[in-house]
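Trainee: Pasting a structure here, questions to come.
The values are calculated or read from the model by the stated rules, or taken from the named source; none is laboratory data. Keep in mind that what you see is a predicted model, and the values were worked out from it rather than measured. Cβ coordinates were reconstructed from backbone atoms using ideal geometry, including for glycine residues, and neighbour counts include every protein chain displayed.
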Amino acid sequence: MIQGLEHIVSELPSISLVDLTAVEFDSRVDTKFVFHQDKLVEYLEKVSADLVVLEVHGKRIFNYQNLYCDDAGFHFFQRHHSGFGNRSKVRVRKYSDEGPFYFEVKNKTNKGKTVKYRIPLMQFQDFETPETAYLTKEYTGFKFEELPNRTEIEYQRITLSNKGLTEKLTLDFGMKTQNQESKFEFKNLVIAEVKQIHYSSRSAFIRTLKEMKIYKTSFSKYCSSVALLNSNLKQNRFKKIIANVKNIANA
């Protein structure tokens, strides 16, 4: 665990999952930042006056597990690599050790909006159902049998909001990925994501990161993982991102 992190998170006022739904935007703008974990506690100290943290069953730091599905040629990865504004991801997500579990299709529009469609699951492993098959076909054009590639990604997450409940901040760290052939650990990396209905640089979350000389970037957990696990795939678009990940890991 990152030194000092549990203490500062424990000092924040909490919010329930029900109350947090006020900032669960189905259509939103996501702004991402990546930085070394040594800066995380300092960042939280700077924005703590306007923070509330999600607490569920006494926990404030959650273990997320994701399983991404793609076709034999990594169509979803290739769409992102080629710079298409309209692109999709298909995944199964475990939001904590006890659940909830969801099957999700996440679509990005060419206007920068993220639209997420999801269906609750009884179990993480049992995601191929008539309902999820319909959702996948409706929003991606693919059937499950056409999506044989599986990429696992896990990490720890802290979910926060400003006290006005107008934007959300997620902080992910301890990220690891694997497929059937190989694995990779994103050492020292923190991924911060500010979620807003409309992008605003006046956000205290964004403004403080900029003051710390941490600037917004394009970062996809899925695409970074696929690129690092599959060196045979074309990945010119992600070379700078991968180099940054490796620099942070070695810092």
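Trainee: Of Val56, Val52, Val92, Val34, which residue is closer than 30 Å to Arg202 by Cα and without any contact (Cβ under 8 Å) to a residue 60 or more places away in the chain?
Mentor: Matching residue, one of Val56, Val52, Val92, Val34: Val56.
Trainee: Under 8 Å between Cβ atoms, which residue pairs at least 6 apart in sequence (or on different chains) link something in segment 105-123 that is within 18 Å of Phe219 (Cα to Cα) and without any contact (Cβ under 8 Å) to a residue 12 or more places away in the chain with a partner that is of a type outside the set (Asp, Glu) and assigned to a loop (DSSP other than H, G, I, E, B)?
Mentor: Pairs found: none.
Trainee: Let me ask another. Is segment 69-84 home to any residue that is assigned to a strand (DSSP E or B), within 20 Å of Leu171 (Cβ to Cβ) and at pLDDT 95 or above?
Mentor: Checking segment 69-84: not a single residue is assigned to a strand (DSSP E or B), within 20 Å of Leu171 (Cβ to Cβ) and at pLDDT 95 or above.
Trainee: Still on this structure, please answer the following. Checking Arg150 against (1) surrounded by 20 or more Cβ atoms within 10 Å (Cβ to Cβ); (2) part of a strand (DSSP E or B); (3) out of contact with any helix residue (DSSP H, G or I) (no Cβ under 7 Å at 6 or more places or on another chain); (4) on the phi < 0 side of the Ramachandran plot, only one condition comes out false. Which one?
Mentor: (1)
Trainee: Just to confirm my filter: which helices (runs of 4 or more DSSP H) fall fully inside segment 191-251 and include at least 3 residues that are within 27 Å of Val23 (Cα to Cα) and under 15 Å from the mean Cα position of the chain (by Cα)?
Mentor: Fully inside segment 191-251 and qualifying: 221-229.
Trainee: How many residues are touching a helix residue (DSSP H, G or I) at 6+ places or on another chain (Cβ under 7 Å) and outside any strand (DSSP E or B) when one looks only at segment 1-47?
Mentor: Counting residues in segment 1-47 that are touching a helix residue (DSSP H, G or I) at 6+ places or on another chain (Cβ under 7 Å) and outside any strand (DSSP E or B) gives 12.
Trainee: Sticking with this structure for a sec: Filter segment 118-147 for residues that are among the polar types (S, T, N, Q) and outside any helix (DSSP H, G or I) and give the result.
Mentor: Gln123, Gln125, Thr129
Trainee: Any chance segment 231-240 includes a residue that's free of Cβ contacts under 8 Å to residues at least 24 places away in the same chain, surrounded by fewer than 17 Cβ atoms within 10 Å (Cβ to Cβ) and of a type in the set (D, E, K, R)?
Mentor: For segment 231-240, residues free of Cβ contacts under 8 Å to residues at least 24 places away in the same chain, surrounded by fewer than 17 Cβ atoms within 10 Å (Cβ to Cβ) and of a type in the set (D, E, K, R): present.
Trainee: Hey, another quick one. For residues that are of a type in the set (A, V, I, L, M) and more than 19 Å from Gly164 (Cα to Cα), tally how many sit in segment 178-203.
Mentor: The qualifying residues number 4.
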